[in-house]
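Engineer: I am attaching a structure below and will ask some questions about it afterwards.
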Amino acid sequence: MSISQNLNNIKSSLPSHVTLVAVSKTKPVSDLMEAYNAGQRIFGENKIQEMTEKWEQMPKDIEWHMIGHVQTNKVKYMAQFVSLIHGVDSLKLLQEINKQAAKNNRTIDCLLQVYIAEEESKFGLDEKELEEILKQLSEAAQSPDNEFKNIRITGLMGMATFTENQDQIKKEFQNLKAIFDKYKELKTENCQLTTISMGMSGDYQPAIECGSTMIRVGSSIFGTR
């Protein structure tokens, strides 16, 4: 099936409250344009340099999401245009995003990445670290010189363990939803949790059942890499 057919099949099966991020990493601009012409406007990349090159070449009504692990020294390259950064996993990274957003006169939306998997290779905050960051953001919002006024935390992101065990995957997604529910009442100028980004090509259906509002789908749209 073509990219546009794949895309339409997935979109037609999604509940209206779920946002689809088309994961286009390593794919050529021609593939992205096929998805764009079929109506897709949100694309996810995991390498800042590749995302920047595509941003330069493609229509400007696209929302670019950074879904990979972010190195602080690379933030400046995407600060001008990135719409949402999914994988924020440290205060240091948040400070850098805020700094670069301010330089570009922007407010950049971010998701805090929570570690929910049973795999060493995954990144993310544990719940104690998450609580600490949310506390600092809340305190900053109350001070006149809010040091985080150029970022907005709009939700949480998590990746389940890469396993065939559906029960384990669901348990991890339910865990992220429970953490989200615990903190979603926290509303400050720079933090309002409305998005749960969880679920990829192989597990987005259970993710949606467990409360995901944003899924990151690559191979089911563009074919395997």
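The values are calculated or read from the model by the stated rules, or taken from the named source; none is laboratory data. The structure displayed is predicted, hence computed values, not measured ones. Quick reminder, even Gly has a Cβ in these numbers, built from the backbone with ideal geometry, and neighbours come from all protein chains shown.
Engineer: Output the residues belonging to segment 28-54 that are β-branched (Val, Ile, Thr) and closer than 16 Å to ALA79 by Cβ.
Structural biologist: ILE48, THR52
Engineer: Scan segment 180-220 residue by residue and report those that are under 30 Å from PRO28 (Cβ atoms), touching a Phe, Trp or Tyr at 6+ places or on another chain (Cβ under 8 Å) and of a type in the set (Val, Ile, Thr).
Structural biologist: Answer for segment 180-220, where residues must be under 30 Å from PRO28 (Cβ atoms), touching a Phe, Trp or Tyr at 6+ places or on another chain (Cβ under 8 Å) and of a type in the set (Val, Ile, Thr): ILE215, VAL217.
Engineer: If you don't mind, there's one more thing I want to ask. If a residue has to be farther than 18 Å from ILE97 by Cβ and either part of a helix (DSSP H, G or I) or small (Gly, Ala, Ser) (or both) to count, how many in segment 140-149 make the cut?
Structural biologist: Counting residues in segment 140-149 that are farther than 18 Å from ILE97 by Cβ and either part of a helix (DSSP H, G or I) or small (Gly, Ala, Ser) (or both) gives 2.
Engineer: So in segment 170-194, with the set limited to residues that are part of a strand (DSSP E or B) and of a type in the set (Val, Ile, Thr), which one is nearest to LEU84 (Cα to Cα)?
Structural biologist: Residue satisfying both the conditions and the ranking: THR194.
Engineer: Return yes or no: is LEU156 in contact (Cβ under 8 Å) with a residue 60 or more places away in the chain and either outside any helix (DSSP H, G or I) or on the phi > 0 side of the Ramachandran plot (or both)?
Structural biologist: No.
Engineer: Out of GLU120, GLU132, report the one residue that is modelled with pLDDT of 95 or more, more than 18 Å from the chain's Cα centre (by Cα) and over 25 Å from LYS103 (Cα atoms).
Structural biologist: The conditions single out GLU132.
Engineer: Taking segment 35-48 as the region of interest, how many residues are over 24 Å from CYS210 (Cα atoms) and either of a type in the set (A, V, I, L, M) or out of contact with any Phe, Trp or Tyr (no Cβ under 9 Å at 6 or more places or on another chain) (or both)?
Structural biologist: Here the count works out to 9.
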